[in-house]
1. Could you list all residues from the range 162-188 that are in contact (Cβ under 8 Å) with a residue 12 or more places away in the chain and over 20 Å from residue 209 (Cβ atoms)?
2. Output the number of residues of the range 189-210 satisfying the condition of being surrounded by 13 or more Cβ atoms within 10 Å (Cβ to Cβ) and either more than 19 Å from residue 157 (Cα to Cα) or modelled with pLDDT of 85 or more (or both).
3. Looking at residue 71, is it within 18 Å of the chain's Cα centre (by Cα), in a loop (DSSP other than H, G, I, E, B) and modelled with pLDDT under 95?
4. Looking at the range 117-145, which of its residues are farther than 21 Å from residue 63 by Cα, surrounded by fewer than 19 Cβ atoms within 10 Å (Cβ to Cβ) and modelled with pLDDT of 70 or more?
5. Return the residues of the range 138-188 that are assigned to a loop (DSSP other than H, G, I, E, B) and over 24 Å from residue 86 (Cα atoms); say none if nothing qualifies.
């Protein structure tokens, strides 16, 4: 009669258990990623509704009419603000990386719009914008992973010369869909290495939302 397991049998059992655990953990991580992207979609819809209500009440989206037509430049011509933050509060930071990959020739001295005391920031909040949206959304939601400075920690509002108005946010999925994930907007993959998931971002034109 066999009284116990051999060492080889025990090793086989341990290997199988480890493999099954890895599969379960991977599945759980994927489920959590999808869940957070679902939350992002729900929150972005709330923000879109707030901007649409503002437009109905004011015949325009927030911009020069509330005094935010200059200052916080993220792209060459786009003014960009992180929603839910007041003046001087940084967001979409690069964790101290210098220079900003978007502006390879910049230094701390030449990029004052991007730098704060702790890290190299892509954008900042704006009190006037937060106040403008307050009547239409009680609390502007924050990205579900926005607990540390990185690309995607806040949802961003971008506009150009009061003619283009859009929202931008990061997603974790590695297979984003323009319609399902980005409300019919555009999907872009950032070359940076410190964002979420596979470094994808959504941008949706507020004038053309699905």
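The values are calculated or read from the model by the stated rules, or taken from the named source; none is laboratory data. If you're wondering where the values come from, they're calculated on a predicted model, not measured in any experiment. With ideal geometry, Cβ positions are generated from the backbone for all residues, glycine too; neighbour counts draw on all protein chains shown.
1. 172, 174
2. Here the count works out to 11.
3. Taking the combined requirement at face value, the residue does not satisfy it.
4. Answer for the range 117-145, where residues must be farther than 21 Å from residue 63 by Cα, surrounded by fewer than 19 Cβ atoms within 10 Å (Cβ to Cβ) and modelled with pLDDT of 70 or more: 142, 144, 145.
5. Selection gives 172, 173, 174, 175, 176, 177, 183, 184, 185.
Residues checked against (1) modelled with pLDDT under 65; (2) surrounded by 16 or more Cβ atoms within 10 Å (Cβ to Cβ); (3) at positive phi:
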{"position": "29", "(1), (2), (3)": "yes, no, no"}
{"position": "42", "(1), (2), (3)": "no, no, no"}
{"position": "52", "(1), (2), (3)": "no, no, no"}
{"position": "80", "(1), (2), (3)": "no, yes, no"}
